[in-house]
Amino acid sequence: MLYQVRKFANPTNENDLKVFHASPFWEREVGLRDISDEISHASSINIADVRAVIESFLYHMPAHLMNGDVIRLDDFGIFKLKFHAVGKEKEEDVRASDINHIAINFRPSPILMHKIGLVKFSRASPVVTGKSDPDEVPAEETPGTEAPQQENPSENG
């Protein structure tokens, strides 16, 4: 997996110096069609059937989560709903209307985490700046962090 170098401020103290961190560099987005095609080529199931099974799973998943079910996908992990709620001093004062933030929680399985732990990292190529050493390239010039292009004054008028 590629990483880029970015400069970050301390969110709890804006007076601290900004420091450089490795940050994920996502090269592309893989969609349902891509994964269905990969599964189809690795099995005897055609792409339409693979896609239909995945879409059916995704269609049924929300109802199970809203029922309070935990969805366990064996070696992949589990999905469940979580929420935040306003605290009350008395038990009898707690109401469903106190729930204010619902999210889907995913907890990867130990097997998946072990596989992910084997990832190898390498630095993304910096934007060409005429500098030969990628370590010399400022964070603002690494892929995904380019500074906005300045407008050409002659085009404005």
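The values are calculated or read from the model by the stated rules, or taken from the named source; none is laboratory data. Bear in mind that the values here come from a model prediction, so they are computed numbers and not experimental data. FYI the Cβ positions are ideal-geometry reconstructions off the backbone, even for glycines, and counts take in every protein chain you see. With ligands, DNA and RNA removed, areas are computed over all heavy atoms of the protein, side chains included. Shrake-Rupley method; radii C 1.70, N 1.55, O 1.52, S 1.80 Å.
Give 90, 80 a once-over and let me know the one that is touching a Leu at 6+ places or on another chain (Cβ under 8 Å) and at pLDDT 95 or above.
80
Scan the range 62-80 and give yes if some residue there is under 21 Å from the mean Cα position of the chain (by Cα), assigned to a helix (DSSP H, G or I) and either free of Cβ contacts under 8 Å to residues at least 24 places away in the same chain or loosely packed, with under 12 Cβ neighbours inside 10 Å (or both), otherwise no.
Of all residues in the range 62-80, those under 21 Å from the mean Cα position of the chain (by Cα) come to 62, 65, 71-73, 75-80.
After this cut, where a residue has to be assigned to a helix (DSSP H, G or I) as well, the list is 62, 65.
The next check asks that each one be either free of Cβ contacts under 8 Å to residues at least 24 places away in the same chain or loosely packed, with under 12 Cβ neighbours inside 10 Å (or both); those that pass are 62.
Yes: one or more hits.
Quick check on this structure: which one of 27, 14 is within 27 Å of residue 117 (Cβ to Cβ), out of contact with any helix residue (DSSP H, G or I) (no Cβ under 8 Å at 6 or more places or on another chain) and open to solvent by 100 Å² or more (accessible area, probe 1.4 Å)?
Answer to the check: 27.
Taking the range 98-110 only, how many residues are farther than 11 Å from residue 82 by Cβ and at pLDDT 95 or above?
Applying the first criterion (farther than 11 Å from residue 82 by Cβ) to the range 98-110 yields 98, 100, 108-110.
Now restrict to residues that are at pLDDT 95 or above: 98, 108-110.
Of the residues in that region, 4 qualify.
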